[in-house]
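Read the structure below first, then the notes.
The values are calculated or read from the model by the stated rules, or taken from the named source; none is laboratory data. These numbers come from a predicted model, not from an experiment. FYI the Cβ positions are ideal-geometry reconstructions off the backbone, even for glycines, and counts take in every protein chain you see.
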Amino acid sequence: MHPNMLVYEPTGMLALREATNERIGANFDPSHLYWQGIDVTEAIRVLGDHDAIHHVHAKDTKVYDANARVKGVLDTTGYTEEPDRSWLFRSIGYGHDESHWKDVVSTLRMVGYEGALSIEHEDSLTSSREGLEKAVDVLDRAVFETRPGDAYWAE
């Protein structure tokens, strides 16, 4: 799902899936949803209800409201003109805080996603190496290492 593509948001993904088959699913990249103003955890729930998340990118976006109020969210200013853009792709934790990423990881688990979180680096404000290290640092605290046990406390 990416703006300027046939499918750019969850309802479009589900419509395409309905028109084709269940093999169609999202390469869920939250960075493309953030700058559209889409609530990422809600999008996970909607697509998860249909088992339509096939892969997940771990990439963040920061929206710069002052620029967005003038240029909107479909700003096409060059990626290297950072001060003038409405939004930038950012390393995990630099668009949304660690708490948000913990919600993303938890919501993915709630809908049954068990696949990879592939870190994608397109942050023009840092090197690939440092962006990767920063993303790993945040995700290391957000991603669960174990599977839940029985809910003995609920019996």
Members of segment 98-155 that are β-branched (Val, Ile, Thr), in a helix (DSSP H, G or I) and crowded, with 16+ Cβ neighbours inside 10 Å: Val104, Val105, Thr107, Val138
Residue ID - farthest from Val138 (Cα to Cα), chosen from residues in segment 58-75 that are surrounded by 14 or more Cβ atoms within 10 Å (Cβ to Cβ) and β-branched (Val, Ile, Thr): Val73
Only one of Ile38, Ile24 that is more than 23 Å from Leu132 (Cα to Cα), under 13 Å from the mean Cα position of the chain (by Cα) and among the hydrophobic types (A, V, I, L, M, F, W, C): Ile38
Candidate set from segment 76-91 (those that are touching a Ser or Thr at 6+ places or on another chain (Cβ under 9 Å) and assigned to a loop (DSSP other than H, G, I, E, B)); member that is surrounded by the fewest Cβ atoms within 10 Å (Cβ to Cβ): Thr80
Yes/no for Val56 being within 23 Å of Arg129 (Cα to Cα) and at pLDDT 95 or above: yes
Extreme residue, farthest from Ala116 (Cα to Cα), among residues of segment 1-57 that are surrounded by fewer than 19 Cβ atoms within 10 Å (Cβ to Cβ) and of a type in the set (Ser, Thr, Tyr): Thr20
